[in-house]
Amino acid sequence: MGSKEKKLTQDSAPISIPTWYGKSWHWLLMFGIIILSYLTYSPGFSEEKEFTNWDDPGYVVNQPLIKTQDADSSALLWKPSTEVMLNYHPITMWTLAKNYASAELDIQAYFKTNLFIHTLNAVLVFILLFSLANGSVFVSFFGALLFAIHPMHVESVAWISERKDVLYTFFFLLSLLSYLRYLRLGKFTWLLICLLLFAGSCFSKAMAVPLPFVLILLDLLKGRAFTWKTIAEKIPFLLIAIWFGLNALEIQSKGAITDFDFFTGWQRIMFASYGFCVYWIKFFVPYGLSAFYPYPNLEKLDELPFYFQLAPFAIVVFGLSLLLWTWKKKKEAFKISVFSLGFFTLMVALVLQFISVGAAITADRYTYIPYIGSAFLVLYFIDNWSLKTRFPYVVSGVFFLYTLLLMKQAYERTEVWTNSATLWSDVIEKYPFKLKENGKEVKVLQTGAEVAYKNRGNYYREHGDSVSAMRDYSVLVKARVKDPLIYSNVGNMYALLNQYDSSLYMYNLALERNPKSFDVHLNRGITFVKMSNYQSAVKDFIMALKIRPNDVNALVNLCAATLNGKMYDKCISYSVQLEKIAPQRWESYFYLGTAYVNQAKFKLGADALEKAITLNPNDPYAWYNAGIAQQQIGATEKAKSYLLKAKALNYPVSDQVINSL
């Protein structure tokens, strides 16, 4: 037991908070936790570790907000409407920007930062539990160790995109510790620090918004009297929580939230209850871990397994039984049960799929903070029971062996997060599609994780393994999944093989599922260009621009299609539009100038092509066309030098043409 310091607060209520820093062996225990954390996550230091193709491109690899370190970018980062992957978390993005500034796309800098913050969080958990458990070293050490090495927490650390998880937890824990110090010392300064740290947590991830209610649980746990003052001091916290909550809801509604009418109210309760139960079970026995847990077959929601219907009742029975048992046992046990269950429930409630966000029914990362409540509850009762036995150290030894088993599993889970191939192969192993084929007829016996096949296929395709990519895509095509981009990807691959009929068939299947898919219209248009069917290509590019107005890529392709299709007036019109939207893109001047030349408007063509080669001096076609334009307006020497430049860039210019100038 640790020493205790007592002080009367402004409410005249004695608040007892033990101090953790009085003994050197406490520091040794925390150091041990840090070492074990780094050993657990050591596979992350592998040279083979890569960014995954799941959110990492949006957060880091292709994210312009972290790559430009100027005043305008910084201001945009903090603007409430600025969302990254349907989230508002400027502090998180700021830390990723700092990683990029120092290491660009060297993943080790990002992973080491995640791991460093995670180990700091583990130390803070030790301090927090020491304060909550009246100085119990057993509870604080094993609680912090479980936090540090639990396999369910690997996702939050090994996945670079989950920087927001470790970072908001860091501020969250500091905020709780500041509040405890406020309770002990009664100084308003600590309440203000608590508020500022809470804001920092929300700026890192909006999941921090339940903190005001956790503060109320802390008041209850520490026996603080409830007065108008204790309620009033929470109001600033509630206002911050409401603002961030509403902002997050508005941003998420743009695409991450499933239509509310898709599931019935009872189905939502079942899914939420199922998640609640699974998270508790996996705290003790983390079985079947996966980066993605798909919903059960949504085509057969009326045939959900029985345990989904049982879950809501299991929660009620579990919660009431625990509270009634501890109520009869002693007051302290009851308060700890209320705090622990309340803490877990508050911190997991927002991701229990009452409002369905994303395509996964549960996720390992959602337990990162909630398991602090689980650990406190379980370890408190084990500690009290062990002290009544004749061999309390044996209990500690057995529990330490249990944590070593969890460490081994966490180590293996870290290896899974090496790259997209290892990650999605693991998911597919857990959730495969099972198909029964009879000629052209295919029956889906078991629905698998669609996102895993899609992303692993994308990974293989991007790494030049088209055979493996097509194998993964084909599973989804045979299963007739609803995602149009699957069929678009297969269409792209057929197009690369010049199998245009198969390519167009796949694009048509994609558009049957979503007629307003920008990517599908764009890709089909590019395929039509390869087939020299410029009229159809133009129609697709125009449709793509209706879906996503002023998209530069679509406009560039539209200019090319109209030029190659000899629709020169249209090419000039679209090139002018492209110039207005993206004045620094050389393509607008190239297509504009080339169209003018084909209309015998050589002076206009020469002027436009001059701008094209200025903006892009490495394109041989621009130099060649500019040379022809200069020749037509009588600038022979300039024409000759331009054609020589085109030839130097490997454009097939004959010596006869050059010598004729």
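Brief remarks on what is shown
- M567 without any contact (Cβ under 8 Å) to a residue 40 or more places away in the chain, of a type in the set (A, V, I, L, M, F, W, C) and over 14 Å from F518 (Cα atoms): yes
To keep it simple, each residue is scored yes or no on (1) in a helix (DSSP H, G or I); (2) in the same structural domain as A359 (by TED's automatic domain parsing); (3) among the aromatic types (F, W, Y); (4) closer than 24 Å to A248 by Cβ.
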residue	(1), (2), (3), (4)
W54	no, yes, yes, yes
M85	no, yes, no, yes
Y88	no, yes, yes, yes
Y100	yes, yes, yes, no
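- Residue in segment 353-367 that is modelled with pLDDT of 95 or more, in contact with a Phe, Trp or Tyr (Cβ under 6 Å, 6 or more places away or on another chain) and crowded, with 20+ Cβ neighbours inside 10 Å present: yes
- Within segment 550-605, considering residues that are of a type in the set (F, W, Y) and touching a Cys at 6+ places or on another chain (Cβ under 8 Å), the one nearest to Y624 (Cα to Cα): Y591
- Annotation note: of A648, A608, the sole residue that is surrounded by fewer than 16 Cβ atoms within 10 Å (Cβ to Cβ) and hydrophobic (A, V, I, L, M, F, W, C) is A648.
- Of the residues making up segment 131-165, just one is more than 30 Å from T422 (Cβ to Cβ), crowded, with 24+ Cβ neighbours inside 10 Å and of a type in the set (V, I, T), namely V139.
- Those helices (runs of 4 or more DSSP H) of segment 161-222 in which 3 or more residues are under 30 Å from Y110 (Cβ atoms) and modelled with pLDDT of 95 or more occupy 163-185, 188-204.
- The helices (runs of 4 or more DSSP H) found entirely in segment 589-661 that carry 1 or more residues being closer than 16 Å to S575 by Cβ are 602-615, 620-632.
- From the list I15, I35, the one residue that fits, being surrounded by 15 or more Cβ atoms within 10 Å (Cβ to Cβ) and either hydrophobic (A, V, I, L, M, F, W, C) or in the same structural domain as N455 (by TED's automatic domain parsing) (or both), is I15.
- Given (1) surrounded by fewer than 22 Cβ atoms within 10 Å (Cβ to Cβ); (2) of a type outside the set (A, V, I, L, M); (3) in contact with a Leu (Cβ under 7 Å, 6 or more places away or on another chain), number of the condition Y596 does not satisfy: (1)
- Sole residue being in the same structural domain as Q599 (by TED's automatic domain parsing) and of a type outside the set (S, T, Y), chosen from K539, K516, K566, K530: K566
- Flag if P305 is closer than 30 Å to G288 by Cβ, without any contact (Cβ under 8 Å) to a residue 40 or more places away in the chain and surrounded by fewer than 17 Cβ atoms within 10 Å (Cβ to Cβ): yes
- For segment 464-479, the criterion of being in contact with a Pro (Cβ under 7 Å, 6 or more places away or on another chain) and of a type outside the set (A, V, I, L, M) is satisfied by no residue at all.
- Summed over segment 549-563, the residues that are crowded, with 22+ Cβ neighbours inside 10 Å and either over 18 Å from N533 (Cβ atoms) or under 30 Å from the mean Cα position of the chain (by Cα) (or both) give a count of 2.
- Within segment 421-466, the set of residues being touching a Phe, Trp or Tyr at 6+ places or on another chain (Cβ under 7 Å), of a type in the set (V, I, T) and part of a helix (DSSP H, G or I) comprises V427, I428, V451.
The values are calculated or read from the model by the stated rules, or taken from the named source; none is laboratory data. Model, not experiment: these values are computed from the prediction. Positions of Cβ are generated from backbone atoms using ideal geometry, with glycine treated the same way; all protein chains shown enter the neighbour counts.
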